[in-house]
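Below is one structure, written out as structure tokens, with a few remarks after it.
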Amino acid sequence: MDRFRFAIAVLAVVVCLPGLATGQGIPYSEGCGSFGLGGVQVLPSVRVGYQHLALNLNIPVPFSGSFGEELATQSELDFKLQDGGVWIGAAQVEARRDRYSAFLSAEANAPKNVRILTASDPFWYGTHPVEWRGSRLEWWALDGGGGIDLNAALAVVGGLRLEHLSVGLADPVDPTGIIQAFQAIYNDQYAGDFLTKTWLPYVGIRTVGQYYRGLLRFSPVVFADAKIPLRYRFVNLPTNVAFEEADYTFKRSGLWIEGSFDSDVQVSTNFRWTLWLKGSWLQVRGTGREGYRLDNVAGGVATQLLDDSGSASGSYTSYVLAVGMSGVYGF
């Protein structure tokens, strides 16, 4: 992930330097400056901002009535990101020739610890909600595509967007204090991870005015792949330990829509601020699955004691609200 952020920084420097060295005045399109390559106008841009991300994954697997140690072998999962506000940075390169354009962009967040709530999870069949410390929330996106101008103010666009979101789950807290007591007294451990990858092929419309740009993108064939393994270490004796894992997976297609708006403020002949706003919504419905496994390790020998699985119709929903600024200086 650190290499990905480093690549964004390098891309920003590479695409900005030619425009700052050769640009004359401020180009209309947002960026660090523009320059030409064999009749193709290259428009680089960098931006920073603040993004709020909210998501909910619900897989209501029916309770089987069976427990391994502390986790139910089949149980509903209701997973919610509580405070997904992060700082983000992005770099983009757009190439234009006549009425045709192509672009490639990369975005990433500054890592942050967040709060996660599992209103229902497999510990004691979700008798009480569990709040987690989400360690190092990491989000990044790659976006590439092209467009065709219909006239001076309107264009159609299309492309493919890839998104990645991951966070570690640690330090669980339930309102009765049971999990905390088991960890403190018996040295039990309860932890997990969240990982989702999303592929978004899209089409859209771009509008352009004298001091603004608007973009509306839509995809009816989004594919989301979400995984949440929850792991419990149950200590019977120092030499006898049980390991439970409830592994939730959700792989389905759905809908995505995003709207963005940029507004320019010309500060001087050579300097312009751009204020940008963005909002998106994603919903995926389909069958989610839970796989359960219990292993026991005694005297250094591992034995599988139990495995189980269940499924249910579930949903994955997320929305993003973001705002930021970029500055453009030309020589």
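Under the rule a/c < 1.5 gives rounded, and otherwise a/b versus b/c splits prolate from oblate, where does segment 273-331 land using the Cα gyration tensor? In terms of gyration-tensor shape, oblate. The angle between the Cα long axis of helix 2-22 and the longest principal axis of the Cα atoms of the chain comes to about 10 degrees, rounded to the nearest 10.
Specify whether the C-alpha gyration tensor of the chain places it in the rounded, prolate or oblate class, a ≥ b ≥ c being the square roots of the eigenvalues: rounded for a/c under 1.5, otherwise prolate if a/b is larger than b/c and oblate if not. Prolate is the answer for the chain, as a/c is 1.5 or above and a/b outweighs b/c. Summary value for the chain: 18 percent relative contact order, contacts being C-alpha pairs under 8 angstrom separated by 6+ residues.
Taking segment 83-160, which trypsin sites (Lys or Arg not before Pro) meet the DSSP loop condition and have no more than 13 other C-beta atoms within 10 Å? When the trypsin sites (Lys or Arg not before Pro) of segment 83-160 are filtered for loop state and at most 13 Cβ neighbours within 10 Å, R99 remain.
Assign one of three labels to segment 187-295, namely rounded, prolate or oblate, based on the Cα gyration tensor with a ≥ b ≥ c the square roots of its eigenvalues; rounded applies when a/c is under 1.5, prolate when it is not and a/b is larger than b/c, and oblate otherwise. Taking the square roots of the gyration eigenvalues as a ≥ b ≥ c, segment 187-295 is oblate.
Throughout, read-outs are computed from the coordinates displayed, never taken from laboratory work. Quick caveat, the model's predicted, so the values are computed rather than measured. Here the Cβ is made from the backbone with ideal geometry for all residues, glycine too, and neighbour counts use every protein chain on show.
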